[in-house]
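Below: one structure, written as structure tokens.
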Amino acid sequence: MPNPTFAAADAASRALHLVTPEGLDGFLSAQAPATAAWLRATGFEAGPGELRLIPNADGTVQAAAAGMGSAKSRARGRFHLARAVAGLPAGAWHLEGDLTQAEREEAALAFLLQSYRFDRYRPTKSASEPTLLKAPKGVDAARLLAMAEGEFLTRDLINTPALDMGPEELEAAFLALADRFHATTQIVRGDDLLAQNFPMIHAVGRASTRAPRLLEMTWGTTGPHLTLVGKGVCFDTGGLNIKPSSGMLLMKKDMGGAATVMGLAHMIMRLALPIRLRVLIPAVENVIAGNAQRPKDILTSRKGLTVEVNDTDAEGRLVLGDALAYACETPTDAVISMATLTGAARIAVGPDLAPYYCDDEAMAQALESGAKQGFDPVWRLPFWTPYEHIIEPGIADLDNAPGWGFAGSVTAALFLRRFVDGPRYLHFDIYGHSPADLPARPKGGAGQGARAVLGALPAILGLAG
């Protein structure tokens, strides 16, 4: 898979005109008569992703026109230019058109993201020359490249099946990321989790022949502290509360929170943001064996809270509980967790939105702004405190899966909040998967919320500029 890249600034390039239906007449009137006649004759209406190659007199391609759609159609999706990119001949291109700053940034990011291919198991023949875009004037090319690289890392991790992406392989990818940016790592594996007081991580992963582990990375020496925590359940059978076969088909993506956190960490380190970053990933496989945890077992967590396991298929919140408690033992300015945690979140908002929970209004406002900057939509759901009693079973402090039948994502978020003391907290309940091919988002693994967080960090952490 090629890395995302822009064409060299001094490369010879052809014009890619971005045109809206509202601006079509003006665009055509500014073209040479032969070009305008060609576009009219081919029925070009500047619909979203519509592409026309503009020929020279000798039949070679001199430029192209890509439709951006009307204001109404643009509001119905993202990255419309990506639909046209596949039809462009190889070589370097540059954007032309009356574009706002945001439109230039979205078009450039769409171009980068559309180049993603997951070809580990079925290599595709590479073109002798790639199709590349010059970074448009006025955009932060380094930032866009960091976003795309982080997203590619996330997609690769999620798309890799559990056979080749178990806890050990996720650890290897984690160490490779740390090594690239000279970060410090610490790994706790297997029964050492019990010795070092991570009982819920151990309980979830102990039945697998692939040992559970806690991955920890620290990077940066100055600035505010940020802690990222990602759910790394590399495959989830449901444990003894086993899922039906149809429910396991996408469970290679149950480490999507870890993959997204690693993609975000890549962005932060690639841009050398002035912060002290800590990344925690509980990496486990939830399977069945004679030593698997059982329904109605009661676990004593790292924090000391007791948890009744009413469903072994609600394991993500268990491993995150220990990791969040550990995160708060070291002073930090903010904790952000990401997890493919509940089907309830997907029922509520579908696969395209990243639901999040946050009690801090300034933090939430910063995230909403960052989502717009990163073309990464999010939707706020409530930490609804009146539901706290739902997760209290009486026999233990907490219930990991109350059989209430309502607000499953909310009660899961409330469960996690019990393990966070001190810092401001932001929790994402993401899907991590695109169920169909969409512009710049092929079917398969998908990062959600990372670009929104990246854009929000200056406000959340008080960074200069």
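The values are calculated or read from the model by the stated rules, or taken from the named source; none is laboratory data. Remember, predicted model here, so these are calculated numbers, not experimental data. Using ideal geometry, Cβ is built from the backbone for each residue, glycine included, and neighbour counts are taken over all protein chains shown. All accessible areas refer to the heavy atoms of the entire protein, side chains included, with ligands and DNA or RNA removed. Shrake-Rupley method; radii C 1.70, N 1.55, O 1.52, S 1.80 Å.
Looking at the range 324-353 only, could you name the residues that are in contact with an Asp or Glu (Cβ under 7 Å, 6 or more places away or on another chain), outside any helix (DSSP H, G or I) and over 30 Å from GLN186 (Cβ atoms)? Let's see the steps before the verdict.
Residues of the range 324-353 in contact with an Asp or Glu (Cβ under 7 Å, 6 or more places away or on another chain): 328, 339-342, 345.
Right, trim to outside any helix (DSSP H, G or I) and you get 328, 339-342.
Passing the criteria: none in range.
Just the residues that are in a loop (DSSP other than H, G, I, E, B) and either open to solvent by less than 20 Å² (accessible area, probe 1.4 Å) or not polar (S, T, N, Q) (or both), please, taken from the range 220-236. Walk me through how you get there before you give the answer.
Kept after step one, since they are in a loop (DSSP other than H, G, I, E, B), are these residues of the range 220-236: 220-224, 231.
Listed by number, the residues that qualify are GLY220, GLY223, PRO224, LYS231.
State whether one or more residues within the range 135-143 are at pLDDT 95 or above, of a type in the set (Val, Ile, Thr) and within 19 Å of the chain's Cα centre (by Cα).
Checked against the condition, which is being at pLDDT 95 or above, of a type in the set (Val, Ile, Thr) and within 19 Å of the chain's Cα centre (by Cα), the range 135-143 yields no hits at all.
Out of everything in the range 173-188 that is within 14 Å of LEU214 (Cβ to Cβ) and open to solvent by 60 Å² or more (accessible area, probe 1.4 Å), what residue ends up being farthest from the chain's Cα centre (by Cα)?
GLN186
For MET255, are the conditions met, namely being more than 29 Å from PRO244 (Cβ to Cβ) and open to solvent by less than 10 Å² (accessible area, probe 1.4 Å)? Before you say what the answer is, go through the steps one by one.
Values: more than 29 Å from PRO244 (Cβ to Cβ): no; open to solvent by less than 10 Å² (accessible area, probe 1.4 Å): yes.
Criteria not met by MET255.
Give me a count of the residues in the range 332-391 that are open to solvent by 40 Å² or more (accessible area, probe 1.4 Å), of a type in the set (Val, Ile, Thr) and within 24 Å of TRP219 (Cβ to Cβ).
Matching residues across the range 332-391 total 0.
With respect to the numbered conditions (1) crowded, with 24+ Cβ neighbours inside 10 Å; (2) of a type in the set (Gly, Ala, Ser); (3) outside any helix (DSSP H, G or I), which one is the sole condition not fulfilled by GLY304?
That leaves (1) as the condition not met.
If I ask for residues that are within 22 Å of GLY256 (Cβ to Cβ), of a type in the set (Asp, Glu) and not in a strand (DSSP E or B), which ones from the range 162-219 would you list?
Hits for the range 162-219 are ASP164, GLU168, GLU169, GLU171.
Can you find a residue in the range 138-154 that is β-branched (Val, Ile, Thr) and in a helix (DSSP H, G or I)?
Initially, the range 138-154 is screened for residues β-branched (Val, Ile, Thr), giving 139, 154.
Filter once more, so that each one left must be in a helix (DSSP H, G or I): 154.
Yes, there is a match, as at least one residue in the range 138-154 is β-branched (Val, Ile, Thr) and in a helix (DSSP H, G or I).
When you scan the range 127-135, do you find a residue that is touching a His at 6+ places or on another chain (Cβ under 8 Å), in contact (Cβ under 8 Å) with a residue 12 or more places away in the chain and buried (at least 21 other Cβ atoms within 10 Å of the Cβ), even just one?
Yes, some residue in the range 127-135 is touching a His at 6+ places or on another chain (Cβ under 8 Å), in contact (Cβ under 8 Å) with a residue 12 or more places away in the chain and buried (at least 21 other Cβ atoms within 10 Å of the Cβ).
Could you grab me the full set of residues in the range 355-401 that are touching a residue at least 60 places away in the same chain (Cβ under 8 Å), closer than 24 Å to ILE201 by Cα and not in a strand (DSSP E or B)?
Of everything in the range 355-401, those that are touching a residue at least 60 places away in the same chain (Cβ under 8 Å), closer than 24 Å to ILE201 by Cα and not in a strand (DSSP E or B) turn out to be PRO393, ILE395, ALA396, ASP397, ASN400, ALA401.
I'd like to verify a number: residues in the range 263-293 that are over 19 Å from GLY447 (Cα atoms), outside any strand (DSSP E or B) and open to solvent by 10 Å² or more (accessible area, probe 1.4 Å), how many? If you could, list the steps in order and put the result at the bottom.
Going residue by residue through the range 263-293, those that are over 19 Å from GLY447 (Cα atoms) are 272-278, 284-293.
Filter once more, so that each one left must be outside any strand (DSSP E or B): 272-275, 287-293.
With open to solvent by 10 Å² or more (accessible area, probe 1.4 Å) added as a condition, the list becomes 272-274, 287-291.
Matching residues across the range 263-293 total 8.
For the range 35-56, give me each residue that is open to solvent by 70 Å² or more (accessible area, probe 1.4 Å) and touching a residue at least 12 places away in the same chain (Cβ under 8 Å).
Narrowing the range 35-56 to residues open to solvent by 70 Å² or more (accessible area, probe 1.4 Å): 38, 40-41, 45.
TRP38, ARG40, GLU45, listed by residue number.
List every residue pair whose Cβ atoms lie under 7 Å apart, where the two residues are 6 or more positions apart in sequence or sit on different chains, the first residue falls within the range 424-440 and is closer than 30 Å to CYS328 by Cα, and the second residue, located anywhere, is open to solvent by 50 Å² or more (accessible area, probe 1.4 Å) and aliphatic (A, V, I, L, M).
Listed pairs, sorted by first residue: HIS433/LEU250.
Take the residues in the range 81-103 that are more than 11 Å from LEU51 (Cα to Cα) and touching a Pro at 6+ places or on another chain (Cβ under 7 Å); name whichever of them is surrounded by the fewest Cβ atoms within 10 Å (Cβ to Cβ). Don't jump to the end; show me each part of the working.
Of the range 81-103, the ones more than 11 Å from LEU51 (Cα to Cα) are 89-103.
Of the ones still in play, those that are also touching a Pro at 6+ places or on another chain (Cβ under 7 Å) are 90, 95.
Values: ALA90: 11, LEU95: 23.
By that ranking, first place goes to ALA90.
Pairs under 8 Å by beta carbon, first residue farther than 21 Å from MET68 by Cβ in the range 108-125, partner among the hydrophobic types (A, V, I, L, M, F, W, C) and open to solvent by 100 Å² or more (accessible area, probe 1.4 Å), six or more apart or different chains?
Here the result reads none, with nothing in the range 108-125 linked to a residue that is among the hydrophobic types (A, V, I, L, M, F, W, C) and open to solvent by 100 Å² or more (accessible area, probe 1.4 Å).
Looking at the range 58-73 only, could you name the residues that are small (Gly, Ala, Ser) and either open to solvent by less than 30 Å² (accessible area, probe 1.4 Å) or more than 20 Å from SER13 (Cβ to Cβ) (or both)?
Quick first cut of the range 58-73, residues small (Gly, Ala, Ser) only: 59, 63-67, 69-71, 73.
Of everything in the range 58-73, those that are small (Gly, Ala, Ser) and either open to solvent by less than 30 Å² (accessible area, probe 1.4 Å) or more than 20 Å from SER13 (Cβ to Cβ) (or both) turn out to be ALA63, ALA64, ALA65, ALA66, GLY67, GLY69, SER70, ALA71, SER73.
Among (1) open to solvent by 20 Å² or more (accessible area, probe 1.4 Å); (2) touching a strand residue (DSSP E or B) at 6+ places or on another chain (Cβ under 9 Å); (3) in a helix (DSSP H, G or I); (4) of a type in the set (S, T, N, Q), where does THR260 come up short?
Here THR260 meets the rest and fails (1).
Take the conditions assigned to a loop (DSSP other than H, G, I, E, B), within 20 Å of the chain's Cα centre (by Cα), over 11 Å from PHE6 (Cβ atoms) and at pLDDT below 95 and apply them to ASP98. Does it pass?
Values: assigned to a loop (DSSP other than H, G, I, E, B): yes; within 20 Å of the chain's Cα centre (by Cα): no; over 11 Å from PHE6 (Cβ atoms): yes; at pLDDT below 95: yes.
No.
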